[in-house]
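See structure below.
Values quoted throughout were computed directly from the atomic coordinates according to the rules given, and no laboratory measurement underlies them. As the structure is a prediction and not an experimental result, all values here were calculated from the model. We place every Cβ from the backbone using ideal geometry, glycine too, and count neighbours over all the protein chains shown.
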């Protein structure tokens, strides 16, 4: 595949532009998309750049179609992806479910906007529950929550690789702030960093003559008997649990002696990082823990941080009304540390918000 | 001397006998399709995709690579495959509910974009798999589980005429036809034309097939044929609405 970025270089870009460059660098061959703010510029950049590198694009009639055309394209052996937000993410849960059921290496970029319903076109962290556990399945998905523009680039590339290696639908969970703001980062060709890209391969439409070189493939996502489905779902769960330790990523700072642990994800973790530093400067022993993968969740790592710190309290800060909070509670069931919430649905959180909350609860 | 019944080479024999109800028209449509796949010699490069509903029972009907999706979503899945691998021959197989109701936005937009896929839609005037509810194609006055007193057009409108609306949406390079299981040779010819239209790179190809559902119609053999030939074919005219292959190819 043609080089896209060439020499590693500094860039100053919006998050949506970075998604496009990362998808190109990762070897994505086709994007199917439908307009919704704040992800539109992913399509805008892709439609300008893709023809220069022999890549394809289709603007579909809706998000349902965008998701299902991706399902078709990956079955045909192409690295395909889509991007959406908010109500579009709701509609895409149907094709995401098919990808989960049929183990399709679908990649989706989610730029969260305010909710419920049409909400705002601006920003939130209210698509955590939907992206991790949406659909009528068991949440066998891989969800990376990025915090910086460098991470958007890194994790979009990684997203294509884990999707094709493990065959679970993969999500890069950003938000409107990350999508629209500019920030410096370094862009690079994956191979220059020693990243080997996993090659796509067809699930149907394989080479060879049927009955001579190979048997026909019959893919399906519906079963006649309860027991048939049961076996499939248990196998998926077993596979997911087995690979989870290889997928899980998190970030932890100053937890060893912390009296209070501050948990956040995505762009809010940058405010949490600043807050921990400022609180420490004021003599308050705060610690920072950030799940990078929301699915699978670094639950053991968080339990370990609680144990080694001996913290008296935990604060969950998020731009939603408790979606990360509920996820954490189910993941660390049995821990007795009191958990407080700083819930600011649909609005940004800065270090002062977190510092003030910490001081009010300590 | 024994003469074996003619079974298309492209049929997947371990899935036979098939699972459609006695008297159902799906078997006739799929036999015609199988013979056409054989005659065009496209078994190795065919992707057969089926919807939810009775059409689902064809998920392993052919000895061809096959896939299956949600209700109404066969069209975008086939579009994704065809756009990714134009050398493949993609056949989407669906019912009237999947095509004209829950998947209608996909169907009409695929037609507008002239997607080079072949779609075969089986019209039996009801939702068979779910137990015989009203479909977009249910005839005025026809009794179904959700129109137990007959379809009232004041309440639910008139039956969808799919080929007619797709004809209005497409350009000259699309193939649009309505066939019936009561005329096998014509049905097979229309399906063959629809596949040739895709293979030759013209564009969107669509065949609606009028079919039978004695189980949900609660009809015997004679009544079934009567409803198909005298009721359905009267309301839904059979024929080619658009054929870019030229008259000589018919």
Please check which bits of region A:161-185 a label hung off residue A:352 would reach, taking the label as a point 7 Å along Cα-to-C-beta and the cut-off as backbone N under 15 Å. none
How far is it, in nm, from the label point at residue A:44 to the one at residue A:186 when both lie 7 Å from their Cα along the line to the Cβ? 2.9
Region B:41-78 residues near the modelled residue B:19 label - backbone nitrogen below 12 Å, point 7 Å along Cα→Cβ: B:53-61
With the 8 Å Cα cutoff and a minimum separation of six or more residues, region A:219-296 has a relative contact order in percent of 36
Using 20 Å bins from zero, what percent of all Cα-Cα pairs in chain A falls into each bin? 30, 56, 13, 1
Region B:1-159, relative contact order in percent, only Cα pairs under 8 angstrom and at least six apart counted: 17
Value of relative contact order over region A:9-191, rounded to a whole percent, pairs C-alpha under 8 Å and six or more apart: 31
Taking the Cβ-Cβ separation of residue A:53 and residue A:215 as r and a Förster radius of 56 Å, what is the calculated FRET efficiency to the nearest 0.05? 0.95
Given R₀ = 22 Å, what would the calculated FRET efficiency be for residue A:300 paired with residue A:362, taking r from the Cβ atoms and rounding to 0.05? 0.25
How much length is gained on full extension from residue A:278 to residue A:307, taking 0.36 nm per residue of separation minus their Cα-Cα distance? 8.1 nm
For chain A, modelled as a GNM with alpha-carbon contacts under 10 angstrom, which of A:232, A:19, A:316 fluctuates the most? A:232
Two decimals is fine: what's Rg over Rh for region A:133-177, C-alpha atoms, Kirkwood radius as Rh? 1.01
Rounded to the nearest 10 degrees, what's the angle between the helix A:149-166 long axis and the longest principal axis of chain A, both from Cα atoms, 0 to 90? 50
Approximate shape of the protein assembly as shown as ellipsoid semi-axes (Cα gyration tensor, √5λ), whole Å, largest first: 51, 25, 22
What ranking of B:64, A:220 emerges when the number of other C-beta atoms within 10 Å of each C-beta is taken as an exposure proxy, fewest first? A:220, B:64
Give, in nm to one decimal, the length gained when the segment between residue A:270 and residue A:239 is fully stretched (0.36 nm per residue of separation minus the Cα-Cα distance). 7.8 nm
Using Cα atoms only, what is the angle between the long axis of helix A:40-49 and the major principal axis of chain A, expressed in degrees (0 to 90) to the nearest 10? 50
To the nearest 0.05, what FRET efficiency results for residue B:222 and residue A:232 with a Förster distance of 45 Å applied to their C-beta separation? 0.55
Let me confirm one metric for peptide A:204-210, namely the mean number of other chain beta-carbon atoms within 10 Å of its residues' beta-carbons. 6
Neighbour-count ranking for A:142, B:134 (other C-beta within 10 angstrom, fewest to most) reads B:134, A:142
Take region A:9-191, compute every pairwise Cα distance, and split them into 10 Å bins from 0; I just need the percent in each bin. 11, 43, 38, 8, 0
Under 10 Å, Cα contacts only: if you run a Gaussian network model on chain B, which one of B:176, B:81, B:37 comes out with the highest mean-square fluctuation? B:81
On a 0 to 90° scale, report how tilted helix A:299-309 is relative to the longest principal axis of chain A, with both axes built from alpha carbons and the result rounded to the nearest 10. 20
Residue B:165 versus residue B:7: modelled label distance in nm, points set 7 Å from Cα along the beta carbon direction: 4.0
10 Å Cβ neighbours from other chains, averaged over peptide B:45-51: 3
Potential lengthening between residue B:245 and residue B:183 on full extension [0.36 nm per residue; Cα-Cα distance subtracted]: 20.2 nm
